Amino acid sequence: MDFIFMLTHHDKTVENCLEVFDEIKDIGLTHVGFKDVGVDVDTLGKLAKRIRHSGAKAYVEVVSTTPETIRTSIKAAADLGVDRVLGGQELTFALESLQASSASYYPFPGIPKGHPTKLHGDSGKIESDCRAAMTAGCPGVDLLAYRAQDDDPLALIRAARRGLGSAGYLIVAGSIDSTERMKAVEDAGADAFTIGSAIFEESFKPGARGVRAQCEAVMAALGK
């Protein structure tokens with residue numbers, strides 16, 4: 001399972017994201033991301049460039065809350081130079097907007113609302129949305145399982161796995177803050193997970209001080 005380190009806290013990219021990335025760029029991370037809010041676009045572009053230069057895949061997660069702002073963010077993501085764009089539900093628009101870039105698109109299944117985002121929709125809705133994403137040409141989805149309001153998080157992950165089949169790439173994002181939860185996510189069928197706030201709050205491994213030590217703890221828990 002892949003660990004995607006998000007340079008985010010409380011659903012926003014941290015203001016000192018460039019400095020934080022420079023601190024951890026040599027520890028072997030292969031997937032690093034950020035949100036489309038928190039810092040200006042120029043900084044996000046510099047960050048994406050540094051991530052890719054390190055050899056890692058660069059991700060941006062769209063957390064804008066209206067169709068108009070989501071489309072604006074997706075369009076901007078095409079110019080950032082990232083490898084993967086996560087979030088939103090504008091499948092046709094996103095796939096067309098990203099066609100000329102090298103970025104692939106992973107939408108939110110279910111009904112995301114607000115910021116910080118809460119996820120509505122039961123297992124049936126999640127499974128159906130995942131099937132629709134694959135049919136549309138997306139390589140996978142970004143599931144906010146532990147933001148769920150209407151069903152059990154692990155049930156949603158299993159439903160997403162059914163909807164994606166064996167070929168779809170299932171990212172579980174949000175509120176993964178322990179080895180136990182990480183392993184539960186993997187057992188339920190996830191291919192990758194994101195961690196942001198738990199790293200900055202030093203809660204994934206209590207006692208491990210700083211972002212670097214917390215990221216190393218996650219990698220050690222994965223056997224990497």
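The values are calculated or read from the model by the stated rules, or taken from the named source; none is laboratory data. Computed from a predicted model, the values in this text were never measured in an experiment. Ideal geometry is used to build each Cβ from the backbone, glycine not excepted, and the neighbour counts take in all protein chains shown. Side chains are part of the model used for accessible areas, which takes the heavy atoms of the whole protein and leaves out ligands, DNA and RNA. Shrake-Rupley method; radii C 1.70, N 1.55, O 1.52, S 1.80 Å.
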Inset, instruction - List the aspartates and glutamates whose Cα lies under 18 Å from the Cα of Lys113, skipping any in the same chain that are fewer than 8 positions away. - result: Asp11, Asp36, Glu61, Glu68, Glu90, Asp122, Asp129, Asp142, Asp150, Asp151, Asp152
Legend entry - Under 15 Å, Cβ to Cβ, from Val85 - net charge with Lys/Arg +1 and Asp/Glu -1: -1
Legend entry - Electrostatic dipole magnitude of segment 1-121 [Cβ: Lys, Arg +1; Asp, Glu -1; Cα centre; debye, to 20]: 200 debye
Legend entry - Residue-averaged [θ]222 nm for the chain, counting only DSSP H segments that reach four residues, each worth -39500 (n - 2.57): -12000 deg cm²/dmol
Legend entry - Solution diffusion estimate, µm²/s, Stokes-Einstein, segment 1-118, Kirkwood Rh from C-alpha pairs, 37 °C, viscosity 0.692 mPa s: 231 µm²/s
Legend entry - Where labels lie 7 Å past Cα in the beta-carbon direction, separation of Lys183 and Gln99 in nm: 4.7 nm
Inset, instruction - Would you kindly state the longest site-free stretch of the chain, with sites defined as GluC sites (Glu not before Pro) in a DSSP loop (not H, G, I, E, B) surrounded by at most 14 other Cβ atoms within 10 Å? - result: 16-200
Inset, instruction - Take peptides 164-176, 113-125, 77-89 and line them up by average Cβ neighbours within 10 Å, highest first, as a rough protection proxy. - result: 77-89, 164-176, 113-125
Legend entry - Thr66 versus Met1: modelled label distance in nm, points set 7 Å from Cα along the beta carbon direction: 3.7 nm
Inset, instruction - Find which of Ser123, Val82, Gly45 sits farthest along the positive direction of the dipole of the chain, computed with +1 on the beta-carbon of Lys and Arg, -1 on that of Asp and Glu, about the Cα centre. - result: Val82
Legend entry - For the chain: relative contact order, % (alpha-carbon pairs under 8 angstrom, 6 or more apart): 17 percent
Legend entry - Calculated FRET efficiency for the pair Asp79/Leu222, C-beta based, R₀ 45 Å, to 0.05: 0.90
Inset, instruction - Express the carbon and sulfur contribution to the solvent-accessible surface of segment 18-124 as a percent, rounded to the nearest whole number, probe 1.4 angstrom. - result: 49 percent
Legend entry - Accessible area of the chain divided out per residue, in Å², using a probe of 1.4 angstrom: 43 Å²
Inset, instruction - Just add up the charged neighbours of Tyr146: K/R +1, D/E -1, any other residue whose Cβ is under 11 Å from the Cβ of Tyr146. - result: +1
Inset, instruction - For an R0 of 45 angstrom, estimate the FRET efficiency from the Cβ-Cβ distance between His53 and Asp122 and round to the nearest 0.05. - result: 0.60
Inset, instruction - Determine the principal axes of the Cα atoms in the chain, then give the extent along each, sorted from largest to smallest and rounded to whole angstroms. - result: 41, 37, 30
Legend entry - Cα centroid of segment 83-112 to Cα centroid of segment 150-224, whole Å: 21 Å
Legend entry - Cα-centre dipole for the chain with unit charges at Cβ (Lys and Arg positive, Asp and Glu negative), debye to 20: 280 debye
Legend entry - Amide proton proximity set for Lys118, modelled H, under 5 Å, gap of 5+: Lys113
Inset, instruction - Take segment 169-212, drop everything but the C-alpha atoms, weight them equally and run the Debye formula without solvent; then report log10 I(q)/I(0) at 0.14, 0.24, 0.25 Å⁻¹ to two decimals. - result: -0.32, -0.80, -0.84
